[in-house]
Amino acid sequence: MIAEIISIGTELLLGQIVNTNAAFIAKELAMLGINTYHQSVVGDNTAKIKEVIKIAEGRSDLLIFIGGLGPTQDDVTKQTIASYLNEPLELEIESLKLIRDYFEKTGRDMTENNQKQAYYFENGRFFKNANGHAIGTYLKKDEKAYLLVPGPPIEMERMFHDEITPFLATLTQDDRQFIVSKTLRFYGIGESTLVSKLNDLIENQSNPTIAPYAGNHEVSLRITASGKDERECQHLITHTIDQIFSLVGDFYYGEGDDNSLVKVVGKLLQDKKMRISSAESLTGGLFQSTLVSVPQSSKVFRGGIVAYEEAIKRDVLGVSPEILETEGMVSEACAISMADKCREKFGTEIGISFTGVAGPDSLEGHPAGTVWIGISQEGELSFAKQYRFMRDRNGNRSQSVMQGLDLIRRTLLKE
């Protein structure tokens with residue numbers, strides 16, 4: 001079965017809201033083994049909606065319409081499709097009663113237009129709306145199927161989970177094909193370089209497929225396999241991942257759509273029962289902010305110092321005047337001293353420091369994007385690494401934080 005997702009709403013075309021509904025439904029369909037090759041967005045216009053229906057019917061079996069089922073004048077989806085198909089609509093009495101009860105309980109008068117939310121295809125079926133008033137409806141006609149769902153995500157997602165996904169599963173159980181995806185996340189390698197290293201693998205793979213995505217200073221790979229069951233899909237994915245790791249495994253840090261480098265580092269610190277502190281110059285507290293954005297960060301982070309000026313590095317943090325005079329603030333020695341001093345002050349097992357030139361101007365003869373990151377670990381020799389970033393001021397700062405997180409991750413994994 002091939003499905004097409006059609007999102008209806010002028011606000012989508014104007015960019016006033018983000019179309020999260022289509023992404024949600026696409027994932028649900030993939031888990032059911034229903035292929036989706038096209039998605040469309042159309043405004044609240046009867047003629048335009050009919051044009052989209054005609055196009056979709058020529059290439060898809062199941063047309064899923066999102067939105068336009070509410071009570072207002074521009075909610076025209078249900079009536080437009082009924083007119084296009086020349087199919088009558090029926091009033092669902094129980095749903096209408098729930099709407100009336102709601103208005104009665106809230107002490108408000110129910111206007112006539114609210115009744116339109118309780119209509120469904122007379123020759124089809126309806127789906128209850130547990131979080132709202134506009135019911136969903138489904139109709140199959142002339143080998144094409146039409147599914148209409150409400151636009152508010154809280155209503156649509158509940159309806160899908162409770163009623164629509166189980167219903168669609170019954171339609172596909174005879175020829176159902178499982179689809180399983182896994183996302184791998186990489187840091188320290190650009191998208192073009194990663195794709196170049198995996199070029200032969202990507203070009204020659206049809207099942208699983210490999211799709212790269214560039215993120216904020218990182219790259220993801222989504223591996224998607226289809227098969228007769230989940231076990232077969234997982235086997236195909238595992239084999240492909242082994243091949244990927246043999247080529248770019250050194251840059252891999254974790255998996256999952258909701259994963260991140262800071263989450264991985266936080267878990268590593270927890271697993272090793274280690275606490276961290278930080279001393280920041282050019283990042284201005286961005287590392288600390290990033291670290292505490294993750295739940296349970298209090299288990300691993302004790303505190304930090306933003307030592308932006310030279311005097312603060314000397315008088316508050318305790319970097320020696322000799323280092324600042326002879327080596328400068330943008331130096332290996334300063335980065336190491338900053339990491340050592342913050343670890344000592346906060347009594348942590350590991351300390352990290354950031355010093356450098358965010359930009360756009362140079363500092364101490366160093367160009368913008370020059371960054372030193374220091375690591376001080378209890379019982380180990382402290383060290384610092386230099387990096388050269390080529391972004392704007394805030395881009396250099398955020399990339400410094402990502403690089404620092406990766407440096408911590410690699411340091412902890414060596415233990």
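What residue, of Thr193, Thr209, Thr240, is buried (at least 16 other Cβ atoms within 10 Å of the Cβ), over 20 Å from Val401 (Cβ atoms) and not basic (Lys, Arg)?
The match here is Thr240.
Of all residues being of a type in the set (Gly, Ala, Ser), in contact (Cβ under 8 Å) with a residue 40 or more places away in the chain and in a loop (DSSP other than H, G, I, E, B) in segment 116-166, which is nearest to Ala82 (Cα to Cα)? Just the residue, please.
For segment 116-166, the residue satisfying everything is Ala134.
I need the full set of residues from segment 378-415 which are among the small types (Gly, Ala, Ser), surrounded by fewer than 19 Cβ atoms within 10 Å (Cβ to Cβ) and more than 24 Å from the chain's Cα centre (by Cα), in order please.
Gly379, Ser382, listed by residue number.
Which residue pairs have Cβ atoms closer than 9 Å, lie 6 or more positions apart in sequence or on different chains, and pair a first residue in segment 193-210 that is of a type in the set (D, E, K, R) with a second residue that is surrounded by 11 or more Cβ atoms within 10 Å (Cβ to Cβ) and part of a helix (DSSP H, G or I)?
That search, which allows pairs on different chains as well, returns Lys197/Leu247; Lys197/Val248.
With the condition kept exactly as written, say whether any residue in segment 68-89 is assigned by TED's automatic domain parsing to the domain that holds Glu11 and in a strand (DSSP E or B).
yes
Which residues, taken from segment 291-347, are within 34 Å of the chain's Cα centre (by Cα) and within 21 Å of Gly369 (Cβ to Cβ)?
Hits for segment 291-347 are Val306, Ala307, Tyr308, Ala335, Ala339.
So which residues in segment 175-220 are basic (Lys, Arg) and either over 18 Å from Asp242 (Cβ atoms) or part of a helix (DSSP H, G or I) (or both)?
Arg176, Lys197
Does Ser297 satisfy the condition of being among the hydroxyl-bearing types (Ser, Thr, Tyr), in the same structural domain as His366 (by TED's automatic domain parsing) and out of contact with any Leu (no Cβ under 8 Å at 6 or more places or on another chain)?
The answer is no for Ser297.
Is it the case that some residue within segment 174-187 is in contact with an Asp or Glu (Cβ under 7 Å, 6 or more places away or on another chain), more than 30 Å from Val76 (Cβ to Cβ) and at pLDDT below 90?
Step one: filter segment 174-187 for residues in contact with an Asp or Glu (Cβ under 7 Å, 6 or more places away or on another chain), giving 178, 180, 182-187.
Remaining after also requiring more than 30 Å from Val76 (Cβ to Cβ): 178, 180, 182-187.
Still in the running and at pLDDT below 90: 178, 180.
Yes: one or more hits.
Within segment 22-67, can you find the residues that are assigned to a loop (DSSP other than H, G, I, E, B), charged (D, E, K, R) and within 23 Å of Asn113 (Cα to Cα)?
Narrowing segment 22-67 to residues assigned to a loop (DSSP other than H, G, I, E, B): 32-34, 43-45, 58-61, 67.
Filter once more, so that each one left must be charged (D, E, K, R): 44, 59, 61.
If the condition is that a residue be assigned to a loop (DSSP other than H, G, I, E, B), charged (D, E, K, R) and within 23 Å of Asn113 (Cα to Cα), then Asp44 is the only one that fits.
Only one residue in Leu268, Leu247 is part of a helix (DSSP H, G or I), assigned by TED's automatic domain parsing to the domain that holds Gly303, at negative phi and surrounded by fewer than 19 Cβ atoms within 10 Å (Cβ to Cβ). Which one?
From the options Leu268, Leu247, the qualifying one is Leu268.
Could you identify the single residue in Ala311, Ala339, Ala335 that is surrounded by fewer than 17 Cβ atoms within 10 Å (Cβ to Cβ), part of a helix (DSSP H, G or I) and either outside the structural domain of Glu218 (by TED's automatic domain parsing) or among the charged types (D, E, K, R) (or both)?
Being surrounded by fewer than 17 Cβ atoms within 10 Å (Cβ to Cβ), part of a helix (DSSP H, G or I) and either outside the structural domain of Glu218 (by TED's automatic domain parsing) or among the charged types (D, E, K, R) (or both) holds for just one of Ala311, Ala339, Ala335, which is Ala311.
Here's the yes/no breakdown for (1) at pLDDT 95 or above; (2) in contact with a His (Cβ under 9 Å, 6 or more places away or on another chain):
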residue	(1), (2)
Met1	no, no
Ile17	no, no
Phe24	no, no
Glu28	no, yes
Ser40	yes, no
Asp44	no, no
Glu51	yes, no
Lys54	yes, no
Arg59	yes, yes
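Can you pull out the residues in segment 380-415 that are among the basic types (Lys, Arg) and not in a helix (DSSP H, G or I)?
If the condition is that a residue be among the basic types (Lys, Arg) and not in a helix (DSSP H, G or I), then Lys385, Arg388, Arg391, Lys414 are the ones that fit.
Only residues that are surrounded by 11 or more Cβ atoms within 10 Å (Cβ to Cβ) and out of contact with any helix residue (DSSP H, G or I) (no Cβ under 9 Å at 6 or more places or on another chain): list them for segment 103-116, please.
Glu104, Asn113
To keep it simple, each residue is scored yes or no on (1) surrounded by 14 or more Cβ atoms within 10 Å (Cβ to Cβ); (2) modelled with pLDDT under 95; (3) out of contact with any strand residue (DSSP E or B) (no Cβ under 6 Å at 6 or more places or on another chain); (4) not assigned by TED's automatic domain parsing to the domain that holds Leu184.
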site	(1), (2), (3), (4)
Lys228	no, yes, yes, no
Glu232	yes, yes, yes, no
Thr283	yes, no, no, yes
Ser293	no, no, yes, yes
Arg302	yes, no, no, yes
Leu317	yes, no, no, yes
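The values are calculated or read from the model by the stated rules, or taken from the named source; none is laboratory data. Source: prediction; values computed, not measured. Cβ atoms come from the backbone with ideal geometry, glycine included; neighbour counts cover every protein chain shown.
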